[in-house]
Amino acid sequence: MSVRSSSLSALAVLAAIGLPLVGIQALDSPSTPPAAGPGRSDVMANLFQWNWTSVATECTDVLGPAGYAGVQVSQPADSLKRTELGNGSDTVLHPWWEIYQPVSYDLAGRMGTEAEFRAMVKTCRQAGVKVYVDAVVNHMTGQGAISYGGRKYSHFEYPGLYDAADFHQKGTDCPSTTGGIDDFNNLQQVRKCELVGLADLRTDRPKVQNELAGYLNKLIGWGVSGFRVDAAKHVGQADMIALQKKLRNTVDGSRPYVALEIFGGGPGYLSPQAFTSAGSAVLGLDGDIQLKNAFKSYPVDAPGSLATLQGFGEGSGLTPSEKTLSFVQNHDTERNGDSLNYKDGATNVLAQQFLLAYGYGTPQVYSSFAWDATDASPPSDQDGYITDTDCASKEWVCVHSDPAVTGMVSFHNHVGKAPVKNWWDDGGNLIAFSRGNAGWVALNNDKVDKTATFSTGLPAGTYCNVTTGVAKKGKCSGPTVTVGANGKAKVTVKGKSAVAFTKADRV
């Protein structure tokens, strides 16, 4: 979730803090990334603020056939429905961040009904795509009096669910003078004060944990395989672990996959590394900053330097690969400037290709709607309900279905966990590497074409470039690359593009 220091909006999420793990028992057996199905490994799509019927259609038509293993969907619970401007946005009545202010755990929100949600999960699973839900467990609302589902509420009163005793209060629990988090390096404030006015749940209370677990278990019972937990740093490690221990196994027979939103910037135990034992993974929020700096950097018109990506991951100070949900951007970072976004065009696509090729973390490809103002609403009707996604429309940005990206999903699935080998770079923006002897890729972040001779690590033969074509029945629908008996190939990589192939792409 993204917030403004004085009101709710879509600007950068404020850095948050958690408790140290000293004295806290880690999860006994946190889930690994999505289990592989036929022809797929662990790649997720993040279809941010798509309605449920559109997600279901995409699972059948695109995600399943392309080899995606999972899809992350937006926060589904009933939420704030604004009735007037102000308090976070003076121009947009129904900004995207409405859904991050839950009112109840009924599924009656902007993306559709409970029946549509359940049908979507069933459809996606039938297509071989597991569903992961964005879950808000730290707080309730910060404004408004009515929800999309028609529920009436006040800041500390949610009839039939929570009352004032279930929230941290200024003066008794929260030590700040404002009741909000004034110091993001103060553990008590981060855990017990309100994040920009959002009513902060006492997540250590058995009643609250039982309500939250009941909601998450309901979703698990419908076939959901895991969660992205919003603002997990404000919940803290102990409460996150206690909550997860109340969750049932998924219908797959495994523990739910739980990825925690932990922004970097905090020292020591306040870092993402300090939360890696409190869930299945943490979000790769430091990694997307490194990717932006490598592909774009900060001076105006800077070309970046892909050569700096050698050792990307743990070797560059990030959390362990097996404990990271990695991405080029998400809904917060595409707006707050931490990452690349769809407006970076070919550079953004190239960064997605690198992440899929390199194999750091559980990779996630983000798609959403076009925006000019950071508070912008997704395409919606006059009542705020999100309309069907049309990837041919300029209103939506469907990076996940770009053939240059789906080709690299196939690449990722075929190379598996093979190590990065045969690294080559020109010291600037042309890099190449193999994944063991299973696949090879070259990426050119310059605007001009570049030609070089590379060691591919693959046997001699002719291979289909999966970023521009598909190998089928011994033929390639696009350009090919010839690898010699010595495993080398002379390849021209066009500007702002990639060349990639695996053993399976030999024609």
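Table for the structure above
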| quantity | calculated |
| --- | --- |
| In segment 384-409, the residues that are part of a loop (DSSP other than H, G, I, E, B), in contact (Cβ under 8 Å) with a residue 40 or more places away in the chain and under 27 Å from Ala108 (Cβ atoms) | Gly384, Tyr385, Thr387, Asp388, Thr389 |
| Matching entry among Ser377, Ser368, Ser339, Ser326 (being of a type in the set (Ser, Thr, Tyr), within 30 Å of Ala504 (Cβ to Cβ), in contact with an Asp or Glu (Cβ under 9 Å, 6 or more places away or on another chain) and modelled with pLDDT of 95 or more) | Ser326 |
| Subset of segment 212-226 (residues that are in contact with a strand residue (DSSP E or B) (Cβ under 7 Å, 6 or more places away or on another chain) and in a helix (DSSP H, G or I)) | Leu216, Leu219 |
| Single residue of segment 219-263 satisfying the filter (crowded, with 22+ Cβ neighbours inside 10 Å and among the hydroxyl-bearing types (Ser, Thr, Tyr)) that is farthest from Gln188 (Cα to Cα) | Ser225 |
| Filtered residues of segment 44-96 (kept if closer than 23 Å to Ser154 by Cβ and among the β-branched types (Val, Ile, Thr)) | Thr83 |
| Strands (runs of 3 or more DSSP E) completely within segment 440-507 that count 1 or more residues being under 18 Å from Ala346 (Cβ atoms) and among the β-branched types (Val, Ile, Thr) | 488-493, 497-502 |
| Evaluation of Trp371 against (1) over 24 Å from Phe227 (Cβ atoms); (2) assigned to a helix (DSSP H, G or I) (one fails), failing number | (2) |
| Failed item, numbered, when Ser326 is tested on (1) touching a residue at least 60 places away in the same chain (Cβ under 8 Å); (2) buried (at least 22 other Cβ atoms within 10 Å of the Cβ); (3) under 27 Å from Ser271 (Cβ atoms); (4) of a type outside the set (Val, Ile, Thr) | (1) |
| Unique residue being in the same structural domain as Ala442 (by TED's automatic domain parsing), in contact (Cβ under 8 Å) with a residue 12 or more places away in the chain and touching a strand residue (DSSP E or B) at 6+ places or on another chain (Cβ under 7 Å) when the list is Gly495, Gly474, Gly484 | Gly495 |
| Where a residue in segment 167-189 is farther than 17 Å from Arg202 by Cβ and its partner, wherever it lies, is in a loop (DSSP other than H, G, I, E, B) and among the charged types (D, E, K, R), with Cβ under 8 Å and at least six apart | none |
| Selected residue (only one of Leu85, Leu47, Leu63 is farther than 28 Å from Lys122 by Cβ, aliphatic (A, V, I, L, M) and modelled with pLDDT of 95 or more) | Leu85 |
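Okay, residues lined up against (1) outside any helix (DSSP H, G or I); (2) farther than 19 Å from Ser225 by Cα:
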{"site": "Pro65", "(1), (2)": "no, yes"}
{"site": "Thr83", "(1), (2)": "yes, yes"}
{"site": "His94", "(1), (2)": "yes, yes"}
{"site": "Glu98", "(1), (2)": "no, yes"}
{"site": "Met120", "(1), (2)": "no, no"}
{"site": "Thr123", "(1), (2)": "no, no"}
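The values are calculated or read from the model by the stated rules, or taken from the named source; none is laboratory data. Not measured: the values here are computed from a predicted model. In this analysis, Cβ positions are derived from the backbone assuming ideal geometry, glycine residues included, and neighbour counts consider all displayed protein chains.
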